[in-house]
Amino acid sequence: MQTSSNMKWLWLAIGAVVMLAMPQLVTSSFAIDIFIRILLFSFIGVAWNLMGGYAKQLSLGHAAYFGLGAYTSTIMQVNYGISPWIGMIAGGVVAMLASLPIGWLCFRLRGPYFTIATIATAQVLMLIFLKFRDFAWGAEGTTIPNLGSAPLMMQFEEKSSYYYVVLGLLVVGLWITHRIEKSWIGYYLVAIGEDEDAAEAIGVNAPKVKRDIYMISAFLTALAGTFYTQYIYFIDPATAFSFNVSIEAALVSIVGGIGTLWGPVIGTVLLETTSALLQSWLGSSVGGIQLTVYSLILMAVILWRPTGLIGFATDIYHRTARRKPARA
Amino acid sequence: MWETLAQAVINGLLIGGIYALVSIGVTLIFGVVKIVNFAQGEFVMIGMYISFFLATQFGIDPLVSLVVSMPVLFLAGVLIQHFLIRRVLGPNDMPQIFLTFALSLLLLNLSLMLFSANYRTVHTSYSDAAWHIGGLYIPVAKLIAFAVAMALSGLLWVFLHTTDLGRAMRAASQNRDVAMLMGINPNRVFAVAFGTALALAGAAGSLLMPFYSAYPFVGQVFVLMAFVAVVMGTLGNVMGALIASLMMGVAESLGIQFVGADSGLIVVFALLLLTLAFRPSGLGARRGR
């Protein structure tokens, strides 16, 4: 036990050093941009995975919280000059509060119809932000005023700084997931995901547990929304509440390994790398190629490896590990 | 005022007939196979493209191409059920939801690659024709689409209630385990249900073609309507889906008429959320889910 735990810390330390040194070693801004996308979508996947992976509440509406986070911080910054660092937390709180009525409605349905209801809520929010233009710029959106180098306003001249911000977010997300995984609430979540009625029968307060985890998941997703808006200096309802955000959050988790700590990260690395390679190979001229490939990967995973890449790796590990001591 | 209202109701009912074909397919699959087909809208899109290419390449009227699009999609449904859906039927929701969702993404983006995002239209002799009855305006193409949609729904009802296979499908949707104990072959019943649902989507596509543009995302509009109608009409209930679809069409049309041109979807979603809040198991519900 002691050695395996030591090994784990060693791997984590090596990983941390590599991740921290990465922007110093790789200077191509195309590559840094891909790293930032990978870290960002890993983080969104981690937030989705808390609810979608552990409790199996398969939401396709996380763009709702991504957009609320993005709009809250942007409205505070553009209209009142408040730093996005504060706006980010405020956006998280707004998303948490919004998750209460949304959850109240959607959790009345189970399985696929829960999924549909979550899609509908994200669409409704997008339509609201499209419609009320005096409140948030309507369909045209707005650009974020560029202040040059202003770390206090979450604006940096170097792309590597954005890299460190989103790396920090991902570390927080993974740490929270790790803590939840090891706590009683983690076991409750898995019990709900396996069989909600059975979990309630043995005394799990399923509505409360689901509500709480949905709030945490919404909070984290909103942080990603603020970061993304600051990174691209632009916001409009179509990007902030983009259905693609909801899709990718779920996809990376399922492909990597649903309900596992590192699943979303591994899934994002695979999908984003594939997408970057496709883009440099075919150019961005062919519309639809990225999602065509994503959907083929998703189908392959569901049909052959429903536990995702992590499950695939553990299977191989167990098969080879079992062979060795068997002869001893 | 009354004329505007009556006109909006007529417009809504006519498009509601098309929504009904899509919703009946969704609810049929849900009732019998117990999965939600997220890709249903993409099969409407495929039906539209089939009619579009038959019309532009061979000059076949979209209404006639119904006899091509329906069998082709029926066959596609049987194959999809046999090779894909059958492998993920089980107690776990995740594979079912994301398999049909992946199928939807795949078909949508493949058609984006193959046909580009351009809007394709077919102009027929009756595309612009309309009857004027009193002060009301009834477009012929939509009226034909509505009539054929209702006829197909009626045929399905007759099939479900008078043939052995139809009865077997209804039995399977009421209680799958007992139906199997009675000697019903589930694979055959599932394949027919899936094929029929897709044939209805294909029919919807062909019927739309004389007055609606085909483009890769067109199915999304119809599938959202269908999902809302199926929730409102109680999951798995064919008659409920039909009535709810007509209501959705009218609600959307009234929204466009009295609230604003871009508010159709808001009205529809508002209906969905109200249904969820007050009657989560649908309007004609016996049991919840």
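What follows is calculated from the coordinates using simple rules that are stated; it is not laboratory data. This one's a predicted model, so the numbers in the text were calculated from it and none came from an experiment. We place every Cβ from the backbone using ideal geometry, glycine too, and count neighbours over all the protein chains shown.
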Zone reached by a paramagnetic label modelled 7 Å from residue A:194 Cα along Cα→Cβ, restricted to the stretch A:232-260 with backbone N below 16 Å, covers A:259-260
Highest GNM mean-square fluctuation among A:62, A:318, A:178, for chain A with Cα springs under 10 Å, belongs to A:318
Of the listed pairs A:210/B:34; A:8/A:210; A:208/B:34; A:131/B:34; A:159/A:182; A:131/A:159, those with alpha carbons more than 26 Å apart are A:8/A:210; A:208/B:34; A:131/B:34; A:159/A:182; A:131/A:159
Between residue A:82 and residue B:1, the FRET efficiency computed from the C-beta separation at R0 = 56 Å comes out, to the nearest 0.05, as 0.70
Under a Gaussian network model of chain A whose springs join Cα atoms within less than 10 Å, the largest fluctuation of A:31, A:90, A:64 belongs to A:31
The stretch B:91-240: spread of alpha-carbon positions along the three principal axes, whole Å, largest first, is 55, 41, 25
With chain B reduced to its Cα atoms and the Debye formula applied, log10 I(q)/I(0) at q = 0.06, 0.10, 0.11, 0.14 1/Å amounts to -0.18, -0.52, -0.63, -1.02
Dipole check, the protein assembly as shown, charges on Cβ (K,R +1; D,E -1), about Cα centroid: among B:2, B:103, A:25 the Cα furthest to the positive pole belongs to B:103
Ranked on Cβ counts within 10 Å of their own Cβ, fewest leading, B:64, B:218 go B:64, B:218
Between the modelled labels at residue B:178 and residue B:136 (7 Å from Cα along Cα→Cβ) the distance in nm is 4.3 nm
Across A:109, A:170, A:60, the residue with the highest GNM fluctuation in chain A (Cα network, 10 Å cutoff) is A:109
Those helices of chain A passing the 30 Å axial Cα length cut-off and the mean Kyte-Doolittle cut-off of -1.0 (DSSP H runs only) are A:2-25, A:84-106, A:159-181, A:206-232
Projected onto the charge dipole of the stretch A:80-223 (unit charges on the beta-carbon of Lys, Arg, Asp and Glu, signs +1, +1, -1, -1), the Cα from A:115, A:138, A:215 with the largest positive-side position is that of A:138
Scattering profile of the stretch A:30-242 from the Debye formula, Cα beads only, expressed as log10 I(q)/I(0) at q = 0.11, 0.12, 0.15 Å⁻¹, is -0.53, -0.62, -0.92
Along principal axes, largest first, the alpha-carbon spread of the stretch B:107-177 in whole Å comes out as 50, 45, 18
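What FRET efficiency would be calculated for the residue pair residue A:158, residue A:303, taking the C-beta separation as r and a Förster radius of 41 Å, to the nearest 0.05?
On the way: r = 43 Å, r/R0 = 1.06.
So, using R0 = 41 Å, E works out to roughly 0.40.
Using a 10 Å cut-off around each Cβ, can you sort B:163, B:100 from fewest to most neighbouring Cβ atoms?
On the way: B:163 11, B:100 23.
If I rank by nearby Cβ atoms, fewest first, I get B:163, B:100.
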Extend 7 Å from the Cα of residue A:313 along its Cα-to-C-beta direction; within the stretch A:253-283, residues with backbone N under 17 Å of that point are A:253-274
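For n ≥ 4 DSSP H runs only, could you compute -39500 (n - 2.57) per run for chain B, divide by its residues and tell me the 222 nm figure to the nearest 500? Please list the in-between numbers first.
Details: 11 runs with 206 residues, N = 289.
Mean residue ellipticity, 222 nm, calculated: -24500 deg cm²/dmol.
Provide A:208, B:34 in ascending order of the number of other Cβ atoms located within 10 Å of each residue's Cβ, fewest first.
Values: A:208 10, B:34 17.
In increasing order of surrounding Cβ atoms, one gets A:208, B:34.
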The simple spin-label model distance between residue B:87 and residue B:259, using points 7 Å out along Cα→Cβ, in nm, is 4.2 nm
Here P(r) for the stretch B:138-196, Cα-Cα distances in 10 Å bins, as whole percents, is 22, 41, 20, 13, 4, 0
From DSSP H assignment alone, runs of 4+ in chain A each adding -39500 (n - 2.57), the sum over residues rounded to the nearest 500 puts [θ] at 222 nm at -25500 deg cm²/dmol
On the formula 1/(1 + (r/R0)^6), with r taken between the Cβ atoms of residue A:201 and residue A:171 and R0 of 25 Å, the FRET efficiency rounded to 0.05 is 0.10
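Please give the direction-averaged projected area of the C-alpha convex hull for the stretch A:106-207, in square nanometres with one decimal.
Details: hull surface 41.1 nm².
Hull-based average projected area comes out at 10.3 nm².
With helices defined as uninterrupted DSSP H runs, which ones in chain B have an alpha carbon span along their own long axis of at least 18 Å and mean Kyte-Doolittle hydropathy of at least 1.0? Walk me through the intermediate numbers first.
Details: long enough: B:2-33 (44 Å, 1.68); B:40-58 (27 Å, 1.04); B:66-83 (25 Å, 2.02); B:93-115 (33 Å, 1.67); B:140-162 (32 Å, 1.86); B:186-208 (33 Å, 1.28); B:218-232 (22 Å, 2.54); B:238-258 (30 Å, 1.57); B:264-278 (21 Å, 2.92).
TM-like helix candidates: B:2-33, B:40-58, B:66-83, B:93-115, B:140-162, B:186-208, B:218-232, B:238-258, B:264-278.
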Debye calc, one equal point scatterer per Cα of the protein assembly as shown, no solvent, log10 I(q)/I(0) at q = 0.05, 0.08 1/Å comes to -0.24, -0.61
